[in-house]
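One structure below.
The values are calculated or read from the model by the stated rules, or taken from the named source; none is laboratory data. In this text, all values refer to a predicted model and were calculated from it rather than measured experimentally. Heads up, the Cβs are rebuilt from the backbone with ideal geometry, glycines too, and the neighbour counts pull from every protein chain shown. When the accessible area is computed, the model is the full protein with side chains, heavy atoms only, and any ligands, DNA or RNA have been set aside. Shrake-Rupley method; radii C 1.70, N 1.55, O 1.52, S 1.80 Å.
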Amino acid sequence: MTSPTLDRVLDAVFRVDADFNIKFISEPGQRWLGDSASADSARVPKSFVDMLHPADVERFMTACKGTPDTFTCDVRLLRRGKENWVNIRSYQLAAVRQYVMCLIDISAWKTDDTSFRHAAEHDSLTGLPNRAFVKCAVEQHINDSVGPFSVALLDLDGFKKVNDTYGHAIGDAVLIETAKRLLKAIGPQDILARLGGDEFVLILKEKDASAAKEAMNSVLFAIARPYETAPHNTYLGVSIGIAGFPEHGDDYATLLKHADTAMYHAKNGGKNRVSVFAKSSESVDFSINAAIHNGIEEGEFYMEYQPQFDMQRNVIGAEALMRWTSRDFGRVGPDQFIPIAEEAGLMSFLGRWALRYACHQLRKIHERMPDFVMSVNVSPVQFGSDQFDRLVLEAIAETGIAPNRLILEITESTLMHSQEKTERALANLREKGIRFSIDDFGTGFSSLAYLTRLPVSSIKIDKAFLRAIEHQSAETLTNKKLITAMINLAHSIDLKVVAEGVETEDQFAFLTHSGCNIIQGYLLGKPMPADALMKCITPLSRR
């Protein structure tokens with residue numbers, strides 16, 4: 001899965017300046033233009049206008065000057081030496097005097113060949129309508145003013161594992177079976193289409209977002225049944241995001257973007273559920289990719305530190321947390337910008353910077369408290385790099401910190417990929433004294449084999465297990481048993497246990513009684529700047 005983005009419903013996204021000079025082309029756009037096309041390639045003109053058919057330049061400029069903040073037009077674009085009709089929807093970024101151009105190839109709609117048009121409108125695997133058909137259908141609904149309707153974006157949970165485990169032939173069979181189930185679950189007036197991969201979209205006629213959400217219960221049940229097309233009766237789930245017209249958007253691109261945002265909230269909320277778009281939870285913008293580039297250049301990223309405490313409430317360490325306050329968007333949460341940075345190929349740079357920055361801060365702290373430990377999160381993208389070992393060792397050598405005072409936090413999902421490579425990297429760094437902790441333990445692919453085979457020194461119990469333990473319920477009792485079991489398991493193989501998200505005294509008391517080693521959470525300390533952290537550790541350093 002990727003972060004909320006329009007890349008999957010657009011053929012290309014361009015960012016141009018006020019003179020229409022090309023500043024950025026999305027990765028799908030680069031592939032659409034040519035195998036190696038990019039904004040600085042000789043194969044692509046510097047000016048967006050130079051890519052247009054000469055006869056359509058005037059139409060384009062007239063549309064732009066008519067309503068510069070946002071406009072749409074159909075023009076011919078010269079691609080690989082041929083003419084392609086495209087629909088352009090443009091949005092002005094007034095703060096930076098630039099435009100975002102969203103392109104969809106509509107060449108298929110400019111031909112009278114019925115068979116070609118059908119092929120252009122339908123998915124070859126499932127026979128369902130495709131995104132070109134969806135765009136036309138949504139815009140037709142809007143133009144006809146037929147009243148409210150909703151767009152639901154569906155993404156299968158667990159499909160990638162099926163594809164990777166059993167191969168693409170089984171994966172295709174699962175997708176075909178999914179299409180059949182969805183067709184039976186929806187109303188006769190609704191439209192089902194496949195966007196690509198394991199993503200489907202529904203146009204629910206005469207249903208606002210609330211009614212559409214209720215209707216999705218039948219879809220959840222339809223997908224939940226075992227798939228006999230895959231070995232061992234595979235089970236899948238589906239995360240669904242809904243955006244309603246006109247409440248959540250009055251054009252195709254906005255509705256799809258907002259449905260995509262809602263779908264990601266369903267994913268982040270635990271998967272296999274339905275989420276309706278809410279403006280308060282909207283991702284900052286599809287231009288956030290460009291803003292991250294600008295933020296790096298302008299030094300908008302910084303670090304905060306959440307202190308960690310022993311069970312006597314003494315500060316013994318901290319977790320380094322990356323933060324971003326954008327000039328254009330304000331404060332952007334890590335759950336928003338990190339997935340997009342990973343997709344854009346920027347996470348390796350940001351992760352390297354965060355590691356070096358945290359190590360420099362740790363060196364300053366060691367002047368007051370030599371035993372202080374710094375935990376730094378490592379993205380799967382970073383860990384997959386062939387140079388990861390070297391970059392970590394370079395940061396340690398540059399700052400002169402003791403390697404055993406640095407803990408790298410990795411997730412269980414990271415351990416599931418490139419296992420041989422992962423074990424080699426872990427072992428190499430562990431030989432130098434660097435320690436590792438499994439973050440969000442219990443929420444992913446927990447396995448005793450990982451705990452015994454890999455050089456891990458601690459586990460971090462996810463805050464989700466702590467949220468309900470103060471209430472008297474069956475769920476509370478189960479969570480307490482799980483936490484106690486995880487702590488006992490870790491201690492039995494000489495691992496320490498860190499509990500994050502500790503917010504109440506009752507939680508602290510339970511963890512103390514259960515034998516937890518380290519506490520992190522708002523009860524004892526919120527994330528804070530480096531200077532505030534230094535003040536927190538001063539009393540301990542003088543004891």
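A few points about this structure:
- Long pairs among 82/205; 180/271; 463/535; 267/432; 161/207, criterion Cα-Cα beyond 29 Å: 82/205; 267/432; 161/207
- Modelled spin-label separation between residue 139 and residue 298, with each label point placed 7 Å from Cα along the Cα-to-Cβ direction: 3.4 nm.
- Counting only heavy atoms of the protein chains and using a 1.4 Å probe, residue 145 has close to 90 Å² of accessible surface.
- Residue 122 contributes an accessible area of around 40 Å² to the protein surface, as traced by a 1.4 Å probe with all chains present.
- Normalising the average separation of contacting C-alpha pairs (under 8 angstrom, six or more residues apart) by the number of residues puts the relative contact order of the stretch 320-392 at 32 percent.
- FRET efficiency for the residue 278 to residue 325 pair, using the beta carbon distance and R₀ = 22 Å, is estimated at 0.45.
- 313, 131, 97, ranked by accessible area, largest first (probe 1.4 Å): 97, 313, 131
- One chain, two ends: residue 390 and residue 452. Fully extended at 0.36 nm per residue, the span grows by 19.8 nm beyond their Cα-Cα distance.
- Heavy-atom accessible area order for 232, 293, largest first, 1.4 Å probe: 232, 293
- Per residue, the convex hull around the alpha carbon atoms of the stretch 307-433 comes to 133 Å³.
- Pair residue 224, residue 184: separation of 7 Å Cα→Cβ label points (nm): 1.6 nm
- In order through the stretch 83-96: 3J(HN,Hα) via Karplus (6.51 cos²θ - 1.76 cosθ + 1.60), integer Hz, x for Gly, Pro: 8, 10, 6, 10, 9, 10, 10, 10, 10, 8, 9, 4, 4, 10
- FRET efficiency, residue 31 to residue 169 (Cβ-Cβ, R0 30 Å, nearest 0.05): 0.75
- Accessible area of residue 252 (1.4 Å probe, protein heavy atoms only, ligands and nucleic acids ignored): about 10 Å².
- Extension gain, residue 205 back to residue 65 (0.36 nm per residue minus Cα-Cα distance, nm): 46.9 nm
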